[in-house]
Amino acid sequence: MHAIWRRVAPIMQRIVHWGDRRVPWGVRSLIGLLFVVGGVVGFLPILGFWMVPAGLALIALDVPPLRRRVLAWVDRQAGGGA
């Protein structure tokens, strides 16, 4: 499981930072919701279960008390800097 997380963490970091910098406030939640729904059917070839935590992180960016925590957590998991 740890090996899988090492591969997913940089992907999540890129998605969260992209969403934070380039996607408007309400659209992030919509994209996050689509990611979660896509992750539920993660057994399909193009979609993956990694989409669920990435979608939840994008949604959390629109919740002010969670925003700073999510950004710090993603940076810590991916090993630092953006």
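The values are calculated or read from the model by the stated rules, or taken from the named source; none is laboratory data. In this text, all values refer to a predicted model and were calculated from it rather than measured experimentally. Note that we place each Cβ from the backbone using ideal geometry, even for glycine, and neighbour counts take in every protein chain shown.
Across region 32-54, which residue is nearest to the chain's Cα centre (by Cα) among those that are buried (at least 16 other Cβ atoms within 10 Å of the Cβ) and either more than 16 Å from Trp5 (Cα to Cα) or of a type outside the set (Gly, Ala, Ser) (or both)? For region 32-54, the residue satisfying everything is Pro53.
For region 1-58, taking the residues that are of a type in the set (Lys, Arg) and more than 14 Å from Leu71 (Cβ to Cβ), the one that is modelled with the highest pLDDT is identified as Arg22.
Summed over region 30-73, residues that are in contact with a helix residue (DSSP H, G or I) (Cβ under 8 Å, 6 or more places away or on another chain), β-branched (Val, Ile, Thr) and within 20 Å of Pro10 (Cα to Cα) total 5.
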